[in-house]
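The values are calculated or read from the model by the stated rules, or taken from the named source; none is laboratory data. Keep in mind that this is a model prediction, so the values were computed, not measured. Because the Cβ atoms are built from the backbone with ideal geometry, glycine has one as well, and the counts that use them run over all protein chains shown.
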Amino acid sequence: MATFFQLFLRSFETGAIYGLATLGIIIVFRTNALVNFAQGVMGMFGAYVITFAYSKGVPIVAAILIGVVAAIALGFVVDFCIIRRTKKVSGAGKEIITLGLMMVILGLVPIIFGVEPLKLGKVIADGSFTVFGANISYNSVLNIFFGIGITVLLFFLIQKSKLGLAIRSTASNEKTAKLMGVPTALVTLFAWAVAVVLGSLSGAMVAPATSVSINLMDSVQVCAFIACVLGGFQTFYGPVIAAYIIAIANNMLSYYVSSVWGTQILYIIIMVFIVFKPVGMFGKRTIKKV
């Protein structure tokens with residue numbers, strides 16, 4: 001029983017990381033109608049900024065704040081200098097542009113920060129406690145509550161604020177929202193900034209368990225994209241719920257079924273599910289009237 005709770009709590013920490021990365025993808029998709037394939041490397045860039053500042057002696061919390069500012073700036077630059085210039089480009093063309101952006105960032109990061117992996121410390125360096133026989137560190141608890149807290153805060157913002165109404169209007173129909181006076185340009189600018197911040201925070205959460213390199217966010221973003229497909233691109237909350245499901249299922253299958261094939265078995269299950277429900281768990285089939 002203690003092992004089960006240990007896996008469950010670890011899965012919630014992983015789910016918090018996946019959830020933030022997933023929300024970054026879905027908020028751009030819902031407001032810009034494109035899948036941002038550069039989301040992972042943009043988050044990796046933010047994590048590099050945080051880790052570089054930390055390596056120069058900046059306290060970890062201050063380094064994270066510096067990384068957030070850098071992430072906002074990167075989001076602004078991407079939207080203002082690139083995405084806004086592609087109004088006449090097709091959806092597939094915009095997604096190809098994000099692939100090109102991914103290659104550019106992957107090339108710039110070693111030039112700016114060097115080729116050697118960096119190491120980021122934990123926000124809470126030491127300490128742990130036991131619950132139901134499962135041992136969990138204070139930093140893991142912080143990651144769990146931080147991830148859930150940021151997600152709930154953004155959902156509340158989307159559902160209850162004027163900015164959230166503007167986001168939902170833009171996500172529903174950008175042209176109509178613009179005709180109704182919604183500042184859609186500011187909405188998309190906000191969306192890109194938030195997406196990069198979420199990716200950077202996700203990277204900062206996973207970084208202490210590994211080294212910070214250009215491959216830092218690869219596995220996280222693969223799971224985040226799968227969560228978007230599983231949860232359904234039509235909602236903000238569906239992919240995030242799917243991210244937690246994937247994290248829990250992956251750890252449970254890897255421990256109880258096969259440490260080698262657990263992840264592959266999970267992907268097969270998801271593929272079978274998508275065959276029978278292509279729009280995802282919470283997605284809705286779109287019907288166009290002629």
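In the set (1) more than 16 Å from the chain's Cα centre (by Cα); (2) modelled with pLDDT of 90 or more; (3) within 28 Å of Ala2 (Cβ to Cβ), Ser254 fails one condition alone, (2).
In segment 158-187, the residues that are closer than 15 Å to Arg30 by Cβ reach residues that are outside any helix (DSSP H, G or I) with C-beta atoms within less than 8 angstrom, at least six apart or across chains, in these pairs: Ile158/Phe236; Ala166/Val182; Ala166/Pro183; Ser169/Met180; Ser169/Val182; Thr170/Val182; Glu174/Ala33.
Scanning segment 146-157 for residues that are surrounded by 13 or more Cβ atoms within 10 Å (Cβ to Cβ) and without any contact (Cβ under 8 Å) to a residue 60 or more places away in the chain yields one hit, Leu157.
For the subset of segment 143-190 comprising residues that are touching an Asp or Glu at 6+ places or on another chain (Cβ under 8 Å) and of a type in the set (A, V, I, L, M), which member is nearest to Ala53 (Cα to Cα)? Top of the filtered list is Ile144. Among the residues making up segment 48-85, those that are of a type in the set (Gly, Ala, Ser) and under 21 Å from the mean Cα position of the chain (by Cα) are Ala63, Gly67, Ala70, Ala71, Ala73, Gly75. All told, Val58 falls short of being more than 26 Å from Ile226 (Cα to Cα), out of contact with any Lys or Arg (no Cβ under 9 Å at 6 or more places or on another chain) and assigned to a helix (DSSP H, G or I). Scanning segment 73-93 for residues being surrounded by fewer than 19 Cβ atoms within 10 Å (Cβ to Cβ), part of a helix (DSSP H, G or I) and not hydroxyl-bearing (Ser, Thr, Tyr) gives a total of 10.
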